[in-house]
Amino acid sequence: MQAMRYSIKAGAIDKLPTECLVVPVWSKNTLSAEAKHLDGASGKALSAVLKSGDFNGKLGETILLYKPKGISAQRLILVGAGDRKKLNARNAAKLVKAAASAVSKTQASNAHFALASADITDREYPWLTARVAQELEDVCYRYDATKSKKGKKPATKSASVSPPAGARRKTIDESLRTGQAIGKAINRAKHLGNLPGNVCTPSFLANEAQALAARNKSVTTQVLSEKQMARLGMGSLLSVSAGSVEEAKLVVMQYKGAASSSRPYALVGKGITFDTGGISLKPGGGMDEMKFDMCGAASVIATLGCVAELKLPINVVAIVAAAENMPGSKATKPGDIVTSMSGKTIEILNTDAEGRLVLCDALTYAERYKPRTIIDIATLTGAAVATFGSQANALLSNDDKLAATLLECGEDSLDRAWQLPLWDEYQSLLNSNFADIANIGGPRAGTITAACFLSRFTEKQKWAHLDIAGSAWHSGAQKGATGRPVSLLMQYLLTQKA
Ligand code: BES
Ligand code: MN
Ligand code: ZN
């Protein structure tokens, strides 16, 4: 697919030769500076719309005017900006999303976003322009990889934004580039997540990571086979794939943007390409959604690709623990005890708590890269869905500073996280009579005990865990992957130093 093109376009907006012009209107029928300008040029066409009552400037509301008189644009989209004093980043993102979505529904091949007068209470203009690019990429995503009739692609090919009053053009150019790269990475994560389990297997994910390395000189990918994992003693990870004919893969992607001596940031993704629960079989209803159990892996692969595209001046190692959890005849049984790469033995009381079993060996493996921080991303517990719904990524960490940084990055990127406690008092729930540790902690505090399990394998590291079971995909009519938490991870890596 042809990449979208973004640019800055200066000049009077009534004379801009664009196929689609977007301007904001405040609520209570208050025209923005841009809207006022067009109102004058068009003989009060915008005032007439407000007078009609069809549009009131409510946040996220849009209305399309075709070939407005006195204006060069073929289409004019008014987007509601809501209460002028309440335009914070979150509301501004809603405005941008609504505008981008309205643009993508037209046949316009280019669009101009004239939003410079919309002052955001807690952000600068370059943030808004980055958001325009990110949201436009996001709303233009269509899934049709496994449909025989390919849907019509959005007509949008390029977009421009107005220059700011003060900020340097270079800053805006950069923000457009960053926003687009993040939007594309979100789409890559969505795409991998949406692919069905019979297409997106562990080998498929490994190939995807290898293709990424082939496209980027600064990325190398290494794929460990089950045999190699067995030699490393990854008995825990291998216990998950034991019941499947699909071979597990440990995928290691390394991005070098800094000196080789610079310690990397490590990302570790849960890549269960389908989770039946194994012998602790899940109920049938809605089980199809367990194809999304590799969304952590997808976010990690997409983020590494984005880091490489933006040539960030840091080193990153991304590790994907990919396996299919099936109840085949060689499957692990409840009560089985396995030895992890760390040497710790694990009593597997529930084969449906498989994410932590693949992650613990991947986390141990990550130690060899001496990472500055390790963040694992996993659709780990139904309890995270019960606790947070689809809004928050659950965050647990053994390092208060890292946790605070990630919470802040979540606020900044609007891909928000909320912290749960990782208190020692929860650890005893994982006691086992027969092994060093059990793989489940009972019916209560499920998200916390899952993180407690992982914490046993990251004791020497600055580590954080993002449980994205609620945020990674939508159920129901909008069923599909969201691409989260790519923008949170990018915000983190964009603000780290070598
Ligand atoms: N992949 C699931 C978690 C999940 C469940 C995500 C529902 C989204 C929606 C994970 O492997 C799992 O099955 N977890 C179990 C753990 C339990 C057996 C301790 C769960 O949450 O029920
Ligand atoms: Mn499971
Ligand atoms: Zn799972």
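The values are calculated or read from the model by the stated rules, or taken from the named source; none is laboratory data. Note that the structure is a prediction, hence the values are computed from the model and not measured. Methodologically, a virtual Cβ is constructed for each residue, glycine included, from the backbone with ideal geometry; neighbour enumeration extends over all protein chains shown. What goes into the accessible areas is simple: the full protein's heavy atoms, side chains included, and nothing from ligands, DNA or RNA. Shrake-Rupley method; radii C 1.70, N 1.55, O 1.52, S 1.80 Å.
Here are the numbers for this structure:
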quantity: The range 440-472: number of residues that are in contact with a Lys or Arg (Cβ under 6 Å, 6 or more places away or on another chain) and farther than 27 Å from Ala189 by Cα; calculated: 0
quantity: Residue in the range 75-85 that is outside any strand (DSSP E or B) and small (Gly, Ala, Ser) present; calculated: no
quantity: Exclusive hit being within 20 Å of the chain's Cα centre (by Cα) and either of a type in the set (A, V, I, L, M, F, W, C) or away from ligand 3 (no atom under 16 Å from the Cβ) (or both), set Val199, Val251, Val223; calculated: Val251
quantity: Given (1) away from ligand 3 (no atom under 16 Å from the Cβ); (2) within 23 Å of Ser261 (Cα to Cα), index of the condition Val300 fails; calculated: (1)
quantity: Within the range 345-372, considering residues that are farther than 30 Å from Gln496 by Cα and among the β-branched types (Val, Ile, Thr), the one nearest to ligand 2 (Cβ to nearest atom); calculated: Thr351
quantity: Hey, Thr178 hydroxyl-bearing (Ser, Thr, Tyr), outside any loop (DSSP other than H, G, I, E, B) and either in contact with a Gly (Cβ under 8 Å, 6 or more places away or on another chain) or more than 30 Å from Asp119 (Cβ to Cβ) (or both) or not; calculated: no
quantity: Residues of the range 375-384 satisfying the condition of being within 16 Å of ligand 1 (Cβ to nearest atom), open to solvent by less than 50 Å² (accessible area, probe 1.4 Å), over 18 Å from Pro202 (Cβ atoms) and not in a loop (DSSP other than H, G, I, E, B); calculated: Ala383, Ala384
quantity: Selected residue (only one of Gly305, Gly286 is in contact with a Lys or Arg (Cβ under 7 Å, 6 or more places away or on another chain) and more than 12 Å from ligand 3 (Cβ to nearest atom)); calculated: Gly305
quantity: Answer residue from the range 256-276, given it is away from ligand 3 (no atom under 16 Å from the Cβ) and among the hydrophobic types (A, V, I, L, M, F, W, C) and is farthest from the chain's Cα centre (by Cα) among those; calculated: Ala259
quantity: Residues (more than 10 Å from ligand 1 (Cβ to nearest atom) and in contact with a Phe, Trp or Tyr (Cβ under 7 Å, 6 or more places away or on another chain)) located in the range 269-296; calculated: Lys291
quantity: Within the range 282-315, tally of residues that are in contact with a helix residue (DSSP H, G or I) (Cβ under 9 Å, 6 or more places away or on another chain) and within 16 Å of ligand 2 (Cβ to nearest atom); calculated: 8
quantity: Sole residue being assigned by TED's automatic domain parsing to the domain that holds Phe55, more than 19 Å from the chain's Cα centre (by Cα) and open to solvent by less than 20 Å² (accessible area, probe 1.4 Å), chosen from Ala99, Ala93; calculated: Ala99
quantity: Residues within the range 251-268 that are more than 16 Å from ligand 1 (Cβ to nearest atom) and in contact with an Asp or Glu (Cβ under 8 Å, 6 or more places away or on another chain), tallied; calculated: 1
quantity: Test: residue in the range 47-58 that is modelled with pLDDT of 95 or more, open to solvent by less than 10 Å² (accessible area, probe 1.4 Å) and in contact with a His (Cβ under 6 Å, 6 or more places away or on another chain); calculated: no
quantity: Restricting the range 340-364 to residues that are closer than 22 Å to Val223 by Cα and open to solvent by 10 Å² or more (accessible area, probe 1.4 Å), the residue that is nearest to ligand 3 (Cβ to nearest atom); calculated: Arg356
quantity: Flag if Gly179 is of a type outside the set (D, E, K, R), open to solvent by 50 Å² or more (accessible area, probe 1.4 Å), within 30 Å of Arg75 (Cα to Cα) and not assigned by TED's automatic domain parsing to the domain that holds Ala258; calculated: no
quantity: Residue selected from the range 138-167 under the condition surrounded by 15 or more Cβ atoms within 10 Å (Cβ to Cβ) and hydrophobic (A, V, I, L, M, F, W, C), by the criterion nearest to Ala33 (Cα to Cα); calculated: Val161
quantity: Sole exception among (1) open to solvent by 50 Å² or more (accessible area, probe 1.4 Å); (2) aliphatic (A, V, I, L, M); (3) in a helix (DSSP H, G or I) for Leu192, by number; calculated: (1)
quantity: Residue in the range 297-305 that is under 22 Å from the mean Cα position of the chain (by Cα), open to solvent by 30 Å² or more (accessible area, probe 1.4 Å) and either more than 12 Å from ligand 1 (Cβ to nearest atom) or among the aromatic types (Phe, Trp, Tyr) (or both) present; calculated: no
quantity: Test: residue in the range 109-116 that is outside the structural domain of Leu192 (by TED's automatic domain parsing), in contact with a Phe, Trp or Tyr (Cβ under 9 Å, 6 or more places away or on another chain) and outside any loop (DSSP other than H, G, I, E, B); calculated: no
quantity: Residue that is most open to solvent (accessible area, probe 1.4 Å) [pool: residues in the range 316-339 that are over 28 Å from Thr373 (Cβ atoms) and more than 16 Å from ligand 2 (Cβ to nearest atom)]; calculated: Lys330
quantity: Residues that are in contact with a strand residue (DSSP E or B) (Cβ under 8 Å, 6 or more places away or on another chain) and open to solvent by 10 Å² or more (accessible area, probe 1.4 Å), drawn from the range 64-81; calculated: Leu64, Leu65, Tyr66, Lys67, Pro68, Ile71, Gln74, Arg75
